[in-house]
1. Of the residues that sit in the range 1-46 and are at pLDDT 90 or above and aromatic (Phe, Trp, Tyr), which one is nearest to Leu90 (Cα to Cα)?
2. Pull out all pairs, ordered by first then second residue, where Cβ-Cβ is under 9 Å, the residues are six or more apart or on different chains, the first lies in the range 24-46 and is under 13 Å from Gly112 (Cα atoms) and among the small types (Gly, Ala, Ser), and the second is open to solvent by less than 60 Å² (accessible area, probe 1.4 Å) and not in a helix (DSSP H, G or I).
3. Quick one: in the range 128-147, which of the residues that are open to solvent by 40 Å² or more (accessible area, probe 1.4 Å) and touching a residue at least 60 places away in the same chain (Cβ under 8 Å) is farthest from the chain's Cα centre (by Cα)?
4. Which one of these is open to solvent by 30 Å² or more (accessible area, probe 1.4 Å), assigned to a helix (DSSP H, G or I) and closer than 30 Å to Glu4 by Cα: Leu125, Leu91?
5. So, in the range 69-88, how many residues would count as being in a helix (DSSP H, G or I) and touching a residue at least 12 places away in the same chain (Cβ under 8 Å)?
6. In the set Ile164, Ile89, which member is of a type in the set (A, V, I, L, M, F, W, C) and under 20 Å from the mean Cα position of the chain (by Cα)?
7. Give the number of residues within the range 1-40 that are open to solvent by less than 50 Å² (accessible area, probe 1.4 Å) and part of a loop (DSSP other than H, G, I, E, B).
Amino acid sequence: MYKEDRLPQNAKEGILFLLIISIISVNTIAPIIIGLERGFSKEVYVETLTMLPIMWVFVVLLVKLVAGPFVGKVMPKFVGQTDGFNARILLNTLLNVTVLSVFLTIIGTWVGTKQVSLEPFKNFLQIWPRNFGIAFWIELLVAQPIARFVMKKLHQSQARKAEIA
């Protein structure tokens, strides 16, 4: 993507951006999905908290090894030179959430039930659209805007320091 103050400009900022988005996503999306499946209660939420570190590792690995490379190859086929920042972000979010929600619908079931089975494949068409919808709106309205806000403030701070120096 082109240089934009709301996006990371180097690897260190990229890690911070990924951490912000992944931590927000895992701590909101997983509890909502599990709550919808098992009911919203204190006991279910506490049980969900024990799974979050494992899910966070899967999310980060999937972003870096699967979704990122895939989206990087597909984006140029759909994005034109005149497309604006918001269009690019929307498509990027849509593609990332699609890829991640497909994998995490399966992996999340395995982590949640503590067993590898065919169950997530049997119920995939009933479960995935709901998971995708929850993840897409959390990413679009919460996680991504917060991460972009942090990047913008970071770059403003860096610019002020450069002016002073």
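1. Phe17
2. Note: pairs meeting the criteria are Gly35/Ser41.
3. Checking each candidate, the answer is Arg130.
4. Of the residues listed, the single one that is open to solvent by 30 Å² or more (accessible area, probe 1.4 Å), assigned to a helix (DSSP H, G or I) and closer than 30 Å to Glu4 by Cα is Leu91.
5. The total comes to 7.
6. Residue meeting the stated conditions: Ile89.
7. Let us first name the residues in the range 1-40 that are open to solvent by less than 50 Å² (accessible area, probe 1.4 Å), namely 4, 7-8, 13-14, 17-18, 20-22, 24-26, 28-31, 33-35, 39.
After this cut, where a residue has to be part of a loop (DSSP other than H, G, I, E, B) as well, the list is 4, 7-8, 39.
The total comes to 4.
The values are calculated or read from the model by the stated rules, or taken from the named source; none is laboratory data. Please read all numbers here as calculations on a predicted model, not as lab measurements. Cβ sites come from the backbone with ideal geometry, for glycine too, and all protein chains shown count toward neighbours. What goes into the accessible areas is simple: the full protein's heavy atoms, side chains included, and nothing from ligands, DNA or RNA. Shrake-Rupley method; radii C 1.70, N 1.55, O 1.52, S 1.80 Å.
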